[in-house]
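Please read the structure below before turning to the comments.
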Protein chains: 2
Amino acid sequence: MCSEKFMPKRPLILITNDDSIAAKGIASLVEAMKPLGDILVVAPDKPQSGMGHAITIHSPLRLYASNQFSGIDSYTCSGTPVDCVKLAIYEILKRRPDLLVSGINHGTNASTNVLYSGTMSAAVEGAIESIPSIGFSLQSHDADADFDASVHFATKIARSVLKNKLQAGVCLNVNIPKGKISDLAGMKICRQGRAFWEDSFDKRKDPSGADYYWLTGKFETSDKGEDTDMWALENNYVSVVPTQFDMTAHHLISQLNEWEF
Amino acid sequence: MCSEKFMPKRPLILITNDDSIAAKGIASLVEAMKPLGDILVVAPDKPQSGMGHAITIHSPLRLYASNQFSGIDSYTCSGTPVDCVKLAIYEILKRRPDLLVSGINHGTNASTNVLYSGTMSAAVEGAIESIPSIGFSLQSHDADADFDASVHFATKIARSVLKNKLQAGVCLNVNIPKGKISDLAGMKICRQGRAFWEDSFDKRKDPSGADYYWLTGKFETSDKGEDTDMWALENNYVSVVPTQFDMTAHHLISQLNEWEF
C-alpha cells in the first residue's frame, strides 16, 4: 500500500481566460490539463476580450463559486483576467500553482495583440508572480470552433513546461492555426511579429441623434521576417513566443545617455 | 512679411492621460507642452487608472468636445487611454502628431507598473503607431500635488525627443520624484526595475451580507540594481526608461529550440 507521503504530488494548475467561464475555449483547456494535474479555474463572469493588463481598482470585485466543470473547483470573478489571477493566488489558493494556463482564446493573439489580449495578460501576470505560465489562442473567433488540435498542443506544451521549467519572468504566447492536427505543419519557436491596427471607427447615431463609435480595424504589417509568429500561423505552424514583462529597450540606454536634455 | 508657407510648422502634440481630463496632472502637461507646439487633448471623461492596454470592443465609445482648457482643442472620451489615442489618430486628427505625451500621472509608474498603467499604455500605443511618445508620472497620488518640477522636466524631455527623434517602436517612461526642482538630483536613464505586487484583498460584506473584495497590495522587490527606475526615484533622480512593445524574450529562443515538446 502506498501511503500518502510517498505519493508524488500532482502539479497544481490554475486556469483562466478572457472569453468568460462559459466559453468553449476554457472548457477545452480544462480537458487539456486534466491529465497533467489538479485544476483550479478562476475565470471572468463575462467576456473580457481586449482588457489587456487592466486591473479593477475603482470598484470592488465579486467572486462566486461555480459548477461549470464537473469535479473541478471553479470560480467566476466580476473583474478582468488579471484580477482573476490575483484573486486565485492571494485569496483562494493555499499554495502557489505549479503552472498557470490561460485560454484557449477564440481568436489569435499573435504579434502586438499580446498587449491588448486579456488572455495573454493573465499569463504575463503569472510570469510577474514567477509562476510558469502559458497563454493559448486559436486562430478562429467562432464560438463553436474546433479545439481538438489546440487541446493536443496545449497538453504537449504544458507537459514540457512542467518538465523543463521556464526561466522566471518569461511566459509563452502560443497560437494555434485553425484545422485538424494532421493539417498542421508542427511547432515553431518565434519572435513577436511587428504590426499594428490600422483602426477605423464606425460612427453611428443613437436613437436620440447623438454620435457614438465602434472600434474596428485592419491588422497591418510590413514585417516580412520568417521568424515571426505571424509567419508561423500563415504557414500552418503552431507559434510559440517566449514573452517577458521587462519592456526596457535595453539597446537604447547608451544612446539616450548621449542625448543632451 | 513672412508668408505662411515659409513659416516653420509647429509640432503637433497629442496629450492624453488616465486620471481623466479633470486631473491637475493633465492641466500641468498642457502647460508644459504649450511652448513646444500646437496641442490636441483627448482624455478619458473619468478616472481610468489601472486600465493597462485595455481597449473598448464590447460597447461603443462616446466622444465629446470639451472646453476644459482655454484656447486648446480638447475632447473627452468614454473609454480607456488607449481608446483616446486611437480616436485621436484615426478619427479626430487630419495629420499624424509629431509627439504624444501622456500624464502627468498622479502616482509613479516605475518598474512593472508600466504594465498596469493606463498612462504608460497610451504612450506604448503611440510607439506601436510609430509616434514619438512619452509617459510622465509624479511620485505623488495627491489630487493637488505640486507639479512644478514635473512641468520643468516634461518640457525639457519633450523638447529633446522632438529634436533627437526616438527610434521607432520605443517610447519613454518618465517618473519624477516628489519635491521642488532644486530638491532633485537630476535625470537618469534606467532599466525597468524588477518587482511585483504582493496583493491582498480587503474582503467586506455588502448591506445584504454578500462578500465583495477590494484589491490592495504592497510593492515588493528584491532587485537591488542601481540602474533601475526604482533606485533612481529613491535617490531623488528623474528616471527615464526607454520602453518597447516587443515583449519577446529573444535570449530564450535558442534555449526553447532545445526543448523536447
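The values are calculated or read from the model by the stated rules, or taken from the named source; none is laboratory data. Computed from a prediction, not measured in an experiment: that's the story for all the values here. Positions of Cβ are generated from backbone atoms using ideal geometry, with glycine treated the same way; all protein chains shown enter the neighbour counts.
Kindly list, by first and then second residue, each pair from a residue in the stretch A:153-177 that is under 15 Å from A:LYS34 (Cβ atoms) to a residue that is at pLDDT 95 or above and of a type in the set (D, E, K, R), limited to pairs with Cβ atoms under 8 Å and residues at least 6 apart or on different chains. Taking only residues 6 or more apart or on different chains, the pairs are A:LEU162/A:ASP98.
Considered as a group, the residues in the stretch B:88-102 that are closer than 23 Å to A:GLY50 by Cβ and surrounded by 24 or more Cβ atoms within 10 Å (Cβ to Cβ) include one that is farthest from the chain's Cα centre (by Cα), and that residue is B:ALA88. One residue stands out in the stretch A:226-261 among those that are at the interface with chain B (Cβ under 7 Å from one of its Cβ atoms) and in a strand (DSSP E or B): the one that is surrounded by the most Cβ atoms within 10 Å (Cβ to Cβ), namely A:VAL241.
In the stretch A:107-148, how many are more than 10 Å from every other protein chain (Cβ to nearest Cβ), of a type in the set (Gly, Ala, Ser), surrounded by fewer than 23 Cβ atoms within 10 Å (Cβ to Cβ) and free of Cβ contacts under 8 Å to residues at least 40 places away in the same chain? Looking only at that region, the number is 1. The number of residues in the stretch A:102-123 being within 18 Å of A:LEU12 (Cα to Cα) and either in a helix (DSSP H, G or I) or modelled with pLDDT under 95 (or both) comes to 2. Across the stretch B:165-198, the qualifying residues are those that are modelled with pLDDT under 95 and at the interface with chain A (Cβ under 9 Å from one of its Cβ atoms), and the one among them that is farthest from the chain's Cα centre (by Cα) is B:GLN167. Please give the number of the condition B:ARG62 fails out of (1) in contact (Cβ under 8 Å) with a residue 24 or more places away in the chain; (2) within 14 Å of another protein chain (Cβ to nearest Cβ); (3) of a type in the set (D, E, K, R). Condition (1) is where B:ARG62 drops out. Of note, A:VAL41 does not satisfy the criterion of being under 23 Å from B:LYS203 (Cβ atoms), in contact with a His (Cβ under 7 Å, 6 or more places away or on another chain) and either at pLDDT 95 or above or not hydroxyl-bearing (Ser, Thr, Tyr) (or both). Filtering the stretch A:50-63 to residues that are closer than 17 Å to A:PHE136 by Cα and either surrounded by fewer than 24 Cβ atoms within 10 Å (Cβ to Cβ) or at pLDDT below 95 (or both) leaves only A:GLY50.
Please tell me if B:VAL42 is among the β-branched types (Val, Ile, Thr) and closer than 30 Å to B:THR221 by Cα.
Working: among the β-branched types (Val, Ile, Thr): yes; closer than 30 Å to B:THR221 by Cα: no.
No.
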